[in-house]
Amino acid sequence: MTATTRRTAGRRAATVVIGAVGATALLAGCAQEVPTPVAEEPFDGPMVSVEQEEAVVTDVAAVLTKADEERDAGLLKPRVAGPALEVRSSQLEVAAEREDNSLVTDIPTDILRSILPTTQTWPRATFTITEPTEDLEVNRLVAYQQSSARDNYRLWAWVQLIPGTTMPNFADPELIGSEAVAADDDSLQVTPTEAMAQYADLVTRGTEDSENAAAFELPSESQDLVARVQADARSVREDDAFGEADGSYALKFVPQSDLVAVRTSDGGAVVMGALDGNVRIKVEEDGEINPLTETQQALVGDADATNELYVEYTDQVALYVPPAGSEELMRPLGFSHVAVAADTSIPDKKNTDRKG
């Protein structure tokens, strides 16, 4: 699918009609004046229709299904990009190693809500909120991005929405559409780039040590990424055997440079992006530490256990950032916490060191 919409096609058809009328007037006689073309008002509604968005979702789902069936990440690239490609490729690698697709995320095609762009340039992004999965897993917030007018929309990111979260309101997707928000937009409490950086610091340091904790309202009844990462760290650090083995557990999360953001009805924004993260675990030299999850075990493969374990994550996140001047706090809306690499030694160069 390309960026050309039925609205654009309509405008082109109108132009053809005007041209035909002008030609008829010329043939009728030289005395008749040729109508002067009048420039149309710029179209400021949604650049993608609900029906087109449904077609994108269906087409992407077909590619996901084929790749899942063959457990082949190479099949993803025509319709998957960004952090979604990193995460899905790793999930298929794990599925192939385990000969089991149970750890591959299900992304439903049933749409609860579409959030459609008014952006007339590229790249442009659309968003959907899905219905719950057949197994009654929580709704997903999914972003699709089109790089240029001739490119297909590709799955760019997804998150599982936090149970109990309240999504902000958006403009009517059929009549008005929603404005894209730039990474450096200063109409918000903080720019989208700053919001992702502050949240990454909070994930890394936790609510007691991060100076950014006061900027966020974290869920009290459900886990967000901060609670998930910090709970995993505590479960290892507080293990008696780990303490006896003189163990150390370090972690770090930083935002990737790319993000997508869309305006909410109150002037705020929903920001989606990804965090690069890693966990570095070490015990005494003659000790051993084994992978802590089935995913980590599949990523390590047949490598023998050592006294070190290194795990990399690509964590997709969605945040609500209020408009400037609002007394509301930023809120996490959803996340996807997925290990994408693991090793039995801690490397010198880590994913948190990469640029761009």
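The values are calculated or read from the model by the stated rules, or taken from the named source; none is laboratory data. Values in this document were obtained by computation on a predicted structure and should not be read as measured data. Using ideal geometry, Cβ is built from the backbone for each residue, glycine included, and neighbour counts are taken over all protein chains shown. Accessible surface areas use protein heavy atoms only, side chains included; no ligands, DNA or RNA. Shrake-Rupley method; radii C 1.70, N 1.55, O 1.52, S 1.80 Å.
Consider VAL254 against the criteria (1) among the aliphatic types (A, V, I, L, M); (2) more than 22 Å from the chain's Cα centre (by Cα); (3) open to solvent by 10 Å² or more (accessible area, probe 1.4 Å): it satisfies all of them except one. Which criterion is unmet?
Unmet condition: (2).
Per-residue answers, yes or no, for (1) acidic (Asp, Glu); (2) modelled with pLDDT of 95 or more:
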site	(1), (2)
GLU217	yes, yes
SER222	no, no
LEU225	no, yes
ARG234	no, yes
ASP246	yes, yes
GLN256	no, yes
ALA261	no, yes
THR264	no, yes
GLY268	no, yes
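Restricting to the stretch 132-156, count the residues that are at pLDDT 95 or above and either loosely packed, with under 15 Cβ neighbours inside 10 Å or assigned to a strand (DSSP E or B) (or both).
10
For the stretch 76-131, give me each residue that is open to solvent by less than 20 Å² (accessible area, probe 1.4 Å), over 15 Å from VAL57 (Cα atoms) and either in a helix (DSSP H, G or I) or free of Cβ contacts under 8 Å to residues at least 24 places away in the same chain (or both).
Of everything in the stretch 76-131, those that are open to solvent by less than 20 Å² (accessible area, probe 1.4 Å), over 15 Å from VAL57 (Cα atoms) and either in a helix (DSSP H, G or I) or free of Cβ contacts under 8 Å to residues at least 24 places away in the same chain (or both) turn out to be PRO83, VAL87, ARG88, SER90, GLN91, LEU92, VAL94, ALA95.
Quick one: which residue in VAL159, VAL181, VAL203 is among the β-branched types (Val, Ile, Thr), more than 19 Å from ASP276 (Cα to Cα) and open to solvent by less than 80 Å² (accessible area, probe 1.4 Å)?
Testing whether each residue is among the β-branched types (Val, Ile, Thr), more than 19 Å from ASP276 (Cα to Cα) and open to solvent by less than 80 Å² (accessible area, probe 1.4 Å) leaves just VAL181.
Being within 23 Å of SER90 (Cα to Cα) and out of contact with any His (no Cβ under 9 Å at 6 or more places or on another chain) is the requirement here; does ASP315 meet it?
Numbers: within 23 Å of SER90 (Cα to Cα): yes; out of contact with any His (no Cβ under 9 Å at 6 or more places or on another chain): no.
Spelling it out, it is not the case that ASP315 is within 23 Å of SER90 (Cα to Cα) and out of contact with any His (no Cβ under 9 Å at 6 or more places or on another chain).
Might you let me know whether the stretch 285-303 holds any residue that is in contact with a Gly (Cβ under 6 Å, 6 or more places away or on another chain), touching a residue at least 24 places away in the same chain (Cβ under 8 Å) and surrounded by 18 or more Cβ atoms within 10 Å (Cβ to Cβ)?
Looking for residues that are in contact with a Gly (Cβ under 6 Å, 6 or more places away or on another chain), touching a residue at least 24 places away in the same chain (Cβ under 8 Å) and surrounded by 18 or more Cβ atoms within 10 Å (Cβ to Cβ), one finds none in the stretch 285-303, hence no.
Only one residue in VAL340, VAL311, VAL279 is open to solvent by 20 Å² or more (accessible area, probe 1.4 Å), touching a strand residue (DSSP E or B) at 6+ places or on another chain (Cβ under 7 Å) and not in a loop (DSSP other than H, G, I, E, B), so which one is that? It would help to see each step written out before you state the result.
Details: VAL311 fails: open to solvent by 20 Å² or more (accessible area, probe 1.4 Å); VAL279 fails: open to solvent by 20 Å² or more (accessible area, probe 1.4 Å).
Every option except VAL340 fails the conditions.
Filter the stretch 217-251 for residues that are exposed (fewer than 13 other Cβ atoms within 10 Å of the Cβ), without any contact (Cβ under 8 Å) to a residue 12 or more places away in the chain and among the acidic types (Asp, Glu) and give the result.
Of everything in the stretch 217-251, those that are exposed (fewer than 13 other Cβ atoms within 10 Å of the Cβ), without any contact (Cβ under 8 Å) to a residue 12 or more places away in the chain and among the acidic types (Asp, Glu) turn out to be GLU238, ASP240, GLU244.
From the list ASP246, ASP239, exactly one residue is more than 20 Å from the chain's Cα centre (by Cα) and on the phi > 0 side of the Ramachandran plot. Which is it?
So the residue among ASP246, ASP239 that is more than 20 Å from the chain's Cα centre (by Cα) and on the phi > 0 side of the Ramachandran plot is ASP246.
Filter the stretch 164-178 down to the residues that are surrounded by fewer than 17 Cβ atoms within 10 Å (Cβ to Cβ) and modelled with pLDDT of 95 or more and list them by number.
Correct list: ASN169 only.
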